[in-house]
């Protein structure tokens, strides 16, 4: 790398940024040119999958053991009642939306509410487990906490 008084030459740094931008734009172009026709081709299949009850049930059956495993692992932790309650409520709503035919008229809002509750609970638990509550620590404090955390 050419150095100018111990520093990278300003023109080279600007060129490197432009190269990175150009590579990014080229990648976007390539994705657009290749992925868009593929996406259009599979849209009818995706539309059929969206209306298929089996897909919804399969997704719930896959989500259930993963979420229950996380809930089980957090049972011994103090202060996790909100996470467990929210996650179980979300799972319950997802199960109701997918398997209770009598409520099929309300399936979409029930499923959306369940997914939001479950996803929010897992996201909140992940942040809490990392010990990085956004308002509780400054960036330097969270960096210090990461350095002290056993690997």
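Among the residues of the stretch 45-85, those identified as at negative phi and either part of a loop (DSSP other than H, G, I, E, B) or touching a strand residue (DSSP E or B) at 6+ places or on another chain (Cβ under 9 Å) (or both) are 52, 75, 76, 77, 78, 80. What do you reckon, is residue 74 surrounded by 14 or more Cβ atoms within 10 Å (Cβ to Cβ), in the same structural domain as residue 131 (by TED's automatic domain parsing), touching a residue at least 40 places away in the same chain (Cβ under 8 Å) and within 16 Å of residue 122 (Cβ to Cβ)? Yes, satisfied. In this structure, does residue 88 turn out to be in a helix (DSSP H, G or I) and in contact with a helix residue (DSSP H, G or I) (Cβ under 8 Å, 6 or more places away or on another chain)? When the stated conditions are applied, residue 88 passes them.
Residues in the stretch 132-140: is at least one buried (at least 17 other Cβ atoms within 10 Å of the Cβ), touching a helix residue (DSSP H, G or I) at 6+ places or on another chain (Cβ under 8 Å) and at pLDDT below 90? There is no residue in the stretch 132-140 that is buried (at least 17 other Cβ atoms within 10 Å of the Cβ), touching a helix residue (DSSP H, G or I) at 6+ places or on another chain (Cβ under 8 Å) and at pLDDT below 90. Out of curiosity, is residue 64 surrounded by 12 or more Cβ atoms within 10 Å (Cβ to Cβ) and under 30 Å from residue 118 (Cβ atoms)? Considered against the rule, which asks whether it is surrounded by 12 or more Cβ atoms within 10 Å (Cβ to Cβ) and under 30 Å from residue 118 (Cβ atoms), residue 64 comes out as yes. Answer with yes or no whether residue 29 is without any contact (Cβ under 8 Å) to a residue 40 or more places away in the chain, loosely packed, with under 10 Cβ neighbours inside 10 Å and out of contact with any helix residue (DSSP H, G or I) (no Cβ under 9 Å at 6 or more places or on another chain). So residue 29 fails the test. In the stretch 124-139, the residues that are assigned by TED's automatic domain parsing to the domain that holds residue 74 and under 20 Å from residue 87 (Cβ atoms) reach residues that are part of a helix (DSSP H, G or I) and at pLDDT below 50 with C-beta atoms within less than 7 angstrom, at least six apart or across chains, in these pairs: 131/145; 132/142. Taken together, the criteria place residue 94 among residues that are touching a helix residue (DSSP H, G or I) at 6+ places or on another chain (Cβ under 8 Å), surrounded by 12 or more Cβ atoms within 10 Å (Cβ to Cβ) and over 15 Å from residue 126 (Cβ atoms).
The values are calculated or read from the model by the stated rules, or taken from the named source; none is laboratory data. Nothing here was measured: the structure is a model prediction, and the numbers come from that model. Methodologically, a virtual Cβ is constructed for each residue, glycine included, from the backbone with ideal geometry; neighbour enumeration extends over all protein chains shown.
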